[in-house]
Structures are given as C-alpha cells and as structure tokens.
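Undergrad: Can you read through this structure? Questions will come right after.
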Amino acid sequence: MSRNKKLAIVFSVMTCAIILLVIMLIREFGTGNETKPVIDEPSKVTITLKAVGDNLIHSPIYNSCKTEDGFNFDGLYTHITPHIKDADIAAINQETIFVDSVSALSGYPAFGTPPEVGESVAKAGFNLVTHATNHTYDKGADAVFHTIDFWKKHKGVTVIGINENQDKQDSITIWEKGDLKIALLNFTYGLNGYRPPADKSYLINIFGRGEKEEELLSKAEEEADITVVFLHFGTEYTHKPTSSQIKDVEFLTEGGADIIIGTHPHVIQPACEHISENGNRSVVFYSLGNFVSNQKENPKILGGMANVTISKEGDNVSIDSYEMLPTVTHRENGMYSVYMLSDYTDELAKKNTRGSLLSVEKLQTMFDDVMNIEVK
C-alpha cells in the first residue's frame, strides 16, 4: 500500500471519528440554538378588596347637599377616592334606600334618600354596593324596585342584597379576575318589623341560619374560590360583638364563608379570625361602623375600612393579609365629608362641630382599644 493511500485511510478514519464525536456531543449538550421545552409556571392572580361601613343619609346630610338643580353628594367622598382607586373591589354599605321624588325624601326613622347619592358613590370609585339593611324596606317595594332600576344604569357597579326576582335571589354573584373567582353574598338580620308581601319575598336577603343560607353557601363554594359574606347584624352602639353575632359567624364559617364583613352597630367592632367547630377558618370584620352619618358622638363618627388581599397561584388560594383602617366623618359648618384617620389632622378636628371633644389622638386611641377587644 502506498504512503498516500495509507494517509487517505487514516484521514478518513479520523474524519469519521470526529463526526461521531460531534454527533455525540450535540446529543448530549445541544447546539445552544434549539428551542427548549416550555414548562408552564402557575401565574399568580391577586385581588384587593376594600369595604366601608354604613352610608347613612340623614336629612341634614341631604339638605346640606342641595343645589339649584337638585343634589350633589360628591363632597362626601372626595377624600376617600385616593384610598380606594387601587382596589379591585371597593364596597360600600348603602344603608338607606333611594326614592323617586323629593316628596318621598326623609330621614330617621324611615329613610328615603335622593338617588344622586348613588351617582356620587359610583363617581367616587365604589363598584360594589351592599343594599340589604334594616332600612331597605322603609319606603316599601316600589322604592326597592326604583333603586334596582337606578343601579342598572351604572354598568360598572355591582349591587347585592336586593333582587328583582326569585332567580336573582337564588343566584350567586361572582367577581372574577383571571381564574380567581370571588362569591359575594349580602344579608340583613331584619327590616325593622316590615315584611315584603309573600309574592315579593325575594326582594331583600334576610339572614336566618337556615337551609336557604346553607344552600347558597354550598353553591358559592362550588362556583368560586373565596366566599365573602356582607352581613348587617349585631346590636347598635356596642363595640363588643354579641353572642348572637358570634353564632352567626360560626354558622357562616362552618358553611364555607372565608371573609365576613359586618355592618349595622354604627360603631366599630374588632377584626379577627374565627375557627369554626368543623375546622374552617374565616376573617371577620364584626362591624365597620358608620361611614357617613349625622350621628355626632366620637364613637359614631369613627368608622373602619376593611382592607383584604386575596391571591390564587395554580390551585392554591389564600387570604394574604387583612386589616381594618380607621375613617372619620367630618362635619364643619353644616357640611359633611369623610377622611381616612391617617389624613385627618388636629386642625381639622378643631373645625369639626365636636370641637374640643375631638382629636386625632382620641380617635386613634378609641380605635386601638376596640381592635384589642378579645372575641370569645
């Protein structure tokens, strides 16, 4: 064999060996240009829920908001808008029902409220209105239907607690963001002795610890990740939750309620966690107190804003944080507005009709004392 043929064979063998080596290396380590397989990471969805207490429109309030053309209530909520604009759900308890004429307007004890309140509530940024209160039937069925019709014009506002038919009462309102679903329920303990006619019993959600409530809670559990119940309950002007309130909370928590937000006492009550006998847990705001009212004493002008963060990542749903933040109803020269206590100053307090009886320190101390009440 010639020297040239020997070199050719050696070169061919070496070439084949190099090619095989390259192939093996590519299989082992890749070229660096290939598309790597995509692994789906579960995305995290977060919802912020903020809620305030009773929007209680006494006659001095609507009289102070008269204009040449009717009423304007924007000034009530101006200072709160910056604090709710980042919320996915911004809820307010509309204590009083809307009426369709000036002649039907009234204050305590049977309230009839200008619908312009609703205009300002929506303009302020509230997008969830709870309407089941002890004053919802103060003006009868016609006012409830009028209120329902009013809110239909505001597509960005969800209304719960009042219903135009039986199907509406039997359904669950679901708030969605991404694949996180929040069920929203609203009840009142009663209607101050009033009762809708039998053929319109669906108008207002009345709470009773019964089979109907169990069915709604079960349905909410099936349709949503988190169940929030807004409950108008308790004893007026008491900071400590009653045994009846605690029983209501136990019933709701056992049934699957994850967050319970209370109104009606017109003063704040504690926010805490509740563990039911069957091991379920809930976050409870026993009372957010008054948001807007003409009630004058310090405990009645101090309110609360619930602030809750809920998230879902994959199949994991959690309540990441909760707190109650103090609010204060300010009344000066016959005009009304609401502030977060964090924005309130002693200079404003001096202008308040409470005068020397009011200060930021007094309000903060009262708030802290109530939040420290132990619920058993």
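Undergrad: Exactly one condition in (1) acidic (Asp, Glu); (2) exposed (fewer than 14 other Cβ atoms within 10 Å of the Cβ); (3) within 26 Å of Ala306 (Cβ to Cβ) is not met by Glu211; state its number.
TA: If we test Glu211 against (1) acidic (Asp, Glu); (2) exposed (fewer than 14 other Cβ atoms within 10 Å of the Cβ); (3) within 26 Å of Ala306 (Cβ to Cβ), just (3) comes out false.
Undergrad: Further question on the same structure: Being charged (D, E, K, R), buried (at least 18 other Cβ atoms within 10 Å of the Cβ) and in contact (Cβ under 8 Å) with a residue 60 or more places away in the chain is the filter here; which residues of the range 296-337 pass it?
TA: Passing the criteria: Lys300, Lys312.
Undergrad: Looking at the range 142-158, can you tell me whether even one residue there is assigned to a helix (DSSP H, G or I), crowded, with 21+ Cβ neighbours inside 10 Å, touching a residue at least 60 places away in the same chain (Cβ under 8 Å) and not aromatic (Phe, Trp, Tyr)?
TA: Checking the range 142-158: at least one residue is assigned to a helix (DSSP H, G or I), crowded, with 21+ Cβ neighbours inside 10 Å, touching a residue at least 60 places away in the same chain (Cβ under 8 Å) and not aromatic (Phe, Trp, Tyr).
Undergrad: Just one of Asp225, Asp199 is surrounded by 13 or more Cβ atoms within 10 Å (Cβ to Cβ) and of a type in the set (D, E, K, R); which is it?
TA: Asp225
Undergrad: Right, here's the next one. When you look at Ser282, is it within 21 Å of Thr136 (Cβ to Cβ), under 21 Å from the mean Cα position of the chain (by Cα), buried (at least 23 other Cβ atoms within 10 Å of the Cβ) and among the small types (Gly, Ala, Ser), yes or no?
TA: Against the criterion (within 21 Å of Thr136 (Cβ to Cβ), under 21 Å from the mean Cα position of the chain (by Cα), buried (at least 23 other Cβ atoms within 10 Å of the Cβ) and among the small types (Gly, Ala, Ser)), Ser282 does not qualify.
Undergrad: (1) under 21 Å from the mean Cα position of the chain (by Cα); (2) touching a residue at least 60 places away in the same chain (Cβ under 8 Å): which one isn't true of Thr96, the others all being true?
TA: Tallying (1) under 21 Å from the mean Cα position of the chain (by Cα); (2) touching a residue at least 60 places away in the same chain (Cβ under 8 Å), Thr96 fails exactly one: (2).
Undergrad: Identify the residue in the range 159-180 that is among the aliphatic types (A, V, I, L, M) and part of a strand (DSSP E or B) and, among all such residues, is farthest from the chain's Cα centre (by Cα).
TA: Selected residue: Ile162.
Results for (1) outside any loop (DSSP other than H, G, I, E, B); (2) at pLDDT 95 or above; (3) within 17 Å of the chain's Cα centre (by Cα), shown as yes or no for each residue.
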{"site": "Glu250", "(1), (2), (3)": "yes, yes, no"}
{"site": "Ile260", "(1), (2), (3)": "yes, yes, yes"}
{"site": "Asn278", "(1), (2), (3)": "no, yes, no"}
{"site": "Asn294", "(1), (2), (3)": "no, yes, no"}
{"site": "Pro299", "(1), (2), (3)": "yes, yes, no"}
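Undergrad: Could you list all residues from the range 252-269 that are under 12 Å from Ser218 (Cα atoms) and surrounded by 24 or more Cβ atoms within 10 Å (Cβ to Cβ)?
TA: Across the range 252-269, the qualifying residues are Leu252, Thr253, Ala257.
Undergrad: Something else: Within the range 77-113, which residues are outside any loop (DSSP other than H, G, I, E, B) and closer than 17 Å to Lys50 by Cβ?
TA: Tyr77, Thr81, Pro82, His83, Ile84, Ile89, Ala90, Ala91, Ile92, Asn93
Undergrad: Does Tyr189 satisfy the criteria of being farther than 27 Å from Met305 by Cβ, at pLDDT 95 or above, among the hydroxyl-bearing types (Ser, Thr, Tyr) and surrounded by 15 or more Cβ atoms within 10 Å (Cβ to Cβ)?
TA: Numbers: farther than 27 Å from Met305 by Cβ: no; at pLDDT 95 or above: yes; among the hydroxyl-bearing types (Ser, Thr, Tyr): yes; surrounded by 15 or more Cβ atoms within 10 Å (Cβ to Cβ): yes.
No.
Undergrad: Mind checking whether some residue in the range 200-213 is in contact (Cβ under 8 Å) with a residue 60 or more places away in the chain, on the phi > 0 side of the Ramachandran plot and within 20 Å of the chain's Cα centre (by Cα)?
TA: For the range 200-213, residues in contact (Cβ under 8 Å) with a residue 60 or more places away in the chain, on the phi > 0 side of the Ramachandran plot and within 20 Å of the chain's Cα centre (by Cα): absent.
Undergrad: Sticking with this structure for a sec: List pairs: first in the range 102-129 and at negative phi, second small (Gly, Ala, Ser) and assigned to a helix (DSSP H, G or I), Cβ under 6 Å, 6+ apart or cross-chain?
TA: Pairs that qualify, where the first residue is at negative phi and the partner is small (Gly, Ala, Ser) and assigned to a helix (DSSP H, G or I), are Gly107/Ser59; Gly112/Ala104.
Undergrad: Just to be sure I understand, how many residues within the range 338-351 are under 28 Å from the mean Cα position of the chain (by Cα) and surrounded by 13 or more Cβ atoms within 10 Å (Cβ to Cβ)?
TA: To start, the set of residues in the range 338-351 that are under 28 Å from the mean Cα position of the chain (by Cα) comprises 338-345.
Pick out the ones that are also surrounded by 13 or more Cβ atoms within 10 Å (Cβ to Cβ) and you get 338-341, 343-344.
Result for the range 338-351: 6.
Undergrad: If you check Ile260, Ile275, which single one turns out to be under 15 Å from Glu213 (Cβ atoms), touching a helix residue (DSSP H, G or I) at 6+ places or on another chain (Cβ under 8 Å) and among the β-branched types (Val, Ile, Thr)?
TA: Exactly one of Ile260, Ile275 is under 15 Å from Glu213 (Cβ atoms), touching a helix residue (DSSP H, G or I) at 6+ places or on another chain (Cβ under 8 Å) and among the β-branched types (Val, Ile, Thr), namely Ile260.
The values are calculated or read from the model by the stated rules, or taken from the named source; none is laboratory data. Please read all numbers here as calculations on a predicted model, not as lab measurements. Counting neighbours? That spans all protein chains shown, and the Cβs are built from the backbone with ideal geometry, glycine included.
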